Amino acid sequence: AALETERDLIFEVLSTIPSRKEAQSFLKRFSIPYMKPPPIPKSKVPKVSLPDKKSDLELKNNNTKQKELQKEQFIDSLFSIEFDHVALIKIQGPFTPLHLKSVAKTLVHLQKLGLMSIVVLDNDDWKEMIKEGPSRFNELRAWMIKDAENISEAIEICGGNSIPIYDSVFKLTNGTNNLIPKKDTNKQHRYFKLPGRTLATDVDAKINVSVHWLKWCYELGQIPLILPIALDGLLIQRTIPPNSGLIELSRALSNHSNANFMHLKTPELEPMKIIVINSEGGIPSEDRKGSHVFINIQQEYDYLKQSYKVNPHWNFTHPTGLENLEMIKSCLENLPSTSSAIMVPAYSSATLVSNLITDKPRFSSSLPLTTSPSTTTTVLRYGAPVIFHHSLSTINIPSFQSLIEKSFRRKLNIDAYLSRLKDCLDMIIVVGDYQGAVVVTMEDVEGNKKGDLPYLDKIAVAPNSQGMGINDILWKQLQLHYPNLSWRSRGDNTVNKWYFERSDGNLRIPGTNWVMFWYGSDAIDKLHLYTDVFKKIPASFF
């Protein structure tokens, strides 16, 4: 079973087709130095001055061998992980036996790739019994234990190890009888009404978390399967909402001292991922068939809540989508900005392997709907706010200049550039604290000195924000505000592939090294006018 699991894992890794950059990023996060393939011995490189069929074939074979060697070394590195990272996972059943097997196999694969799973169990069929309160607690507890045993058995069959934890993680205290420091009163503690009879008095309860179990689970290589059961002040077992348990776990792990874990392989206890494995998949989308590909929570949270009101049928097709979104938002608020979340259906849980390696969705959310596939998986980040500027007076010029120069790796002629923008700026969209930005100007096409051509002058993402979805956030905002947009790029720009995928057309501008791109229908009839305008736009860099 172990050999079969490793073979399946290798197949899943290769099927993600990670780019060299993605593979390097993954290995760096798990502290494995990326091994470059050794150079081909000079004696084996054909010495030719003119290309011929034989030399071309030999060079092609050498390149193929290099790529295969890179793959082999990447796979070898997967099984020599030096550091583990933590993921909080909610397994939200019920599942068919086939889907349960898929989930178990994925958990084992993630563990082999260095992701330590802390699992909280949930089941949509528990809800009615939970509402009935203590009268059916024993029956519900037996059901929860049975579910935990089934998952544990499935994990063992797939070559992994796990252990159900029934009641030593969560403790309940009377919310009104505990003095909370003022700094902790703003969203720092979660309270909820216990079903049926509560504690000594009918008040809200606060969940406290113990993490002493984590050390020995980790040392023994066991995946903890935590039941949503807590002990109250009288040492009586009570059920708690699984989502509340996950939120408090994220807070406890982010605040916990790592001193007791220094001899283990994990550099941080803070979860790098929040994962929901369920039956319904990700957050449904109004625009595309299936689910949202990527969500920037800070910007889109209110819109998503409103979308559920506009589409009431989602409450039947995706009944737990909003509560899972709320849980993920609360968890990510407790964690570093580099942490992310993913919601995935059980039948597609293998997607988690791809997400762990690439740390992004399977495809970009900014691709045109007509050319991108549908998905049932949603990747989420707490993200950053999006701010719109219509004047340079509200722009932090030093931060703006630094972003442009770091992104383009060139020195900006700032005085000349700002002078140009004063005459033609339409909008600057900034993500977060200048993590990314786009500059849109209105260019004069008809010669009446009144800008009538929306032109994408700059799109920039800070190097330390690459891979966090900033490009997609910016592009989606451009599409919302500009149904027609044109821009230019140098013919040898490595970003052109990204532009080709998002444009409706392109044209090499005669007599220059510029390629013109556009989306929308306006450009087709005015290409000759646009090319003349693009030729005259001055360069921005020294």
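Residues considered: ASP472, ASP457. Of these, the only one that is acidic (Asp, Glu), touching a residue at least 24 places away in the same chain (Cβ under 8 Å) and outside any strand (DSSP E or B) is ASP472.
When ASP444, ASP472, ASP426 are checked against the criterion of being at pLDDT 95 or above, among the charged types (D, E, K, R) and farther than 17 Å from SER402 by Cβ, a single residue qualifies: ASP426. The set of residues from the range 308-327 being outside any loop (DSSP other than H, G, I, E, B) and polar (S, T, N, Q) comprises ASN315, THR317, ASN324. Evaluated against (1) touching a helix residue (DSSP H, G or I) at 6+ places or on another chain (Cβ under 7 Å); (2) at pLDDT 95 or above, HIS481 falls short on exactly one condition, (1). Among the criteria (1) aliphatic (A, V, I, L, M); (2) under 14 Å from the mean Cα position of the chain (by Cα); (3) open to solvent by less than 10 Å² (accessible area, probe 1.4 Å); (4) at pLDDT 90 or above, the one LEU335 does not fulfil is (3). Would you be able to say whether some residue in the range 349-366 is surrounded by 19 or more Cβ atoms within 10 Å (Cβ to Cβ), within 28 Å of the chain's Cα centre (by Cα), more than 24 Å from ASN464 (Cα to Cα) and not hydroxyl-bearing (Ser, Thr, Tyr)? Yes, that holds for at least one residue. The set of residues in the range 128-144 that are closer than 16 Å to PRO242 by Cβ and either surrounded by 11 or more Cβ atoms within 10 Å (Cβ to Cβ) or modelled with pLDDT of 95 or more (or both) comprises MET129, ILE130, PHE137, LEU140, ARG141, TRP143, MET144. When the range 288-331 is filtered for residues that are free of Cβ contacts under 8 Å to residues at least 60 places away in the same chain, open to solvent by 60 Å² or more (accessible area, probe 1.4 Å) and under 21 Å from ILE473 (Cα atoms), the ones remaining, listed by number, are ASP302, TYR303, LYS305, GLN306. Against the definition (part of a loop (DSSP other than H, G, I, E, B) and under 31 Å from the mean Cα position of the chain (by Cα)), how does GLY467 come out, yes or no? Considered against the rule, which asks whether it is part of a loop (DSSP other than H, G, I, E, B) and under 31 Å from the mean Cα position of the chain (by Cα), GLY467 comes out as yes. Remark: pairs (first residue in the range 231-255, farther than 22 Å from ILE145 by Cα and in contact (Cβ under 8 Å) with a residue 40 or more places away in the chain; second residue open to solvent by 20 Å² or more (accessible area, probe 1.4 Å) and among the acidic types (Asp, Glu); Cβ separation under 8 Å; 6+ apart in sequence or on different chains) = LEU253/GLU270; SER254/GLU270. Comparison of VAL445, VAL439 shows that the only residue that is more than 25 Å from THR351 (Cβ to Cβ) and surrounded by fewer than 21 Cβ atoms within 10 Å (Cβ to Cβ) is VAL445. Would you confirm whether or not the range 411-428 contains a residue that is open to solvent by less than 30 Å² (accessible area, probe 1.4 Å), more than 23 Å from SER465 (Cα to Cα) and among the aromatic types (Phe, Trp, Tyr)? Yes, there is a match, as at least one residue in the range 411-428 is open to solvent by less than 30 Å² (accessible area, probe 1.4 Å), more than 23 Å from SER465 (Cα to Cα) and among the aromatic types (Phe, Trp, Tyr). LEU214 meets each of the listed conditions (1) under 23 Å from ARG251 (Cα atoms); (2) open to solvent by 30 Å² or more (accessible area, probe 1.4 Å); (3) at pLDDT below 90; (4) not aromatic (Phe, Trp, Tyr) apart from (2). Looking at the structure I just gave you, is TYR303 farther than 27 Å from VAL103 by Cα and part of a helix (DSSP H, G or I)? Criteria met by TYR303. The number of residues in the range 269-278 being at pLDDT 95 or above and either part of a helix (DSSP H, G or I) or open to solvent by 20 Å² or more (accessible area, probe 1.4 Å) (or both) comes to 0. Picking from residues in the range 367-378 that are open to solvent by 40 Å² or more (accessible area, probe 1.4 Å) and farther than 20 Å from LEU474 by Cβ, the one that is modelled with the lowest pLDDT is THR370. Cβ-Cβ distances below 9 Å connect the following pairs, each with a first residue in the range 204-228 that is part of a helix (DSSP H, G or I), a second residue that is surrounded by fewer than 16 Cβ atoms within 10 Å (Cβ to Cβ) and of a type in the set (Gly, Ala, Ser), and a separation of six or more residues or different chains: HIS212/SER168; TRP213/SER168. Of everything in the range 401-438, what is in contact with a Phe, Trp or Tyr (Cβ under 9 Å, 6 or more places away or on another chain) and either under 24 Å from PRO483 (Cα atoms) or basic (Lys, Arg) (or both)? Give them in sequence order. Answer for the range 401-438, where residues must be in contact with a Phe, Trp or Tyr (Cβ under 9 Å, 6 or more places away or on another chain) and either under 24 Å from PRO483 (Cα atoms) or basic (Lys, Arg) (or both): ARG410, LYS411, CYS424, ASP426, MET427, ILE428, ILE429, VAL430, ALA437, VAL438. Looking for something part of a helix (DSSP H, G or I), open to solvent by less than 70 Å² (accessible area, probe 1.4 Å), within 23 Å of LYS535 (Cβ to Cβ) and not aromatic (Phe, Trp, Tyr) - is there at least one such residue anywhere in the range 494-501? Among the residues of the range 494-501, at least one is part of a helix (DSSP H, G or I), open to solvent by less than 70 Å² (accessible area, probe 1.4 Å), within 23 Å of LYS535 (Cβ to Cβ) and not aromatic (Phe, Trp, Tyr), which makes the answer yes. Pick from THR358, THR441, THR394, THR370: which is closer than 30 Å to LEU246 by Cβ and of a type in the set (Ser, Thr, Tyr)? The unique qualifying residue is THR358. Among the conditions (1) in contact with a Gly (Cβ under 9 Å, 6 or more places away or on another chain); (2) modelled with pLDDT under 90, the only one that PHE363 does not satisfy is (1). Of all residues in the range 160-182, those that are closer than 23 Å to VAL120 by Cβ and at pLDDT below 80 have Cβ atoms under 9 Å from Cβ atoms of residues that are open to solvent by less than 40 Å² (accessible area, probe 1.4 Å) and assigned to a strand (DSSP E or B), 6 or more apart or on another chain, in GLY175/ALA205; GLY175/LYS206.
The values are calculated or read from the model by the stated rules, or taken from the named source; none is laboratory data. All of these numbers come straight from a predicted model, not from anything done at the bench. FYI the Cβ positions are ideal-geometry reconstructions off the backbone, even for glycines, and counts take in every protein chain you see. In case anyone asks, the SASA skips ligands and DNA or RNA and just uses the protein heavy atoms, side chains included. Shrake-Rupley method; radii C 1.70, N 1.55, O 1.52, S 1.80 Å.
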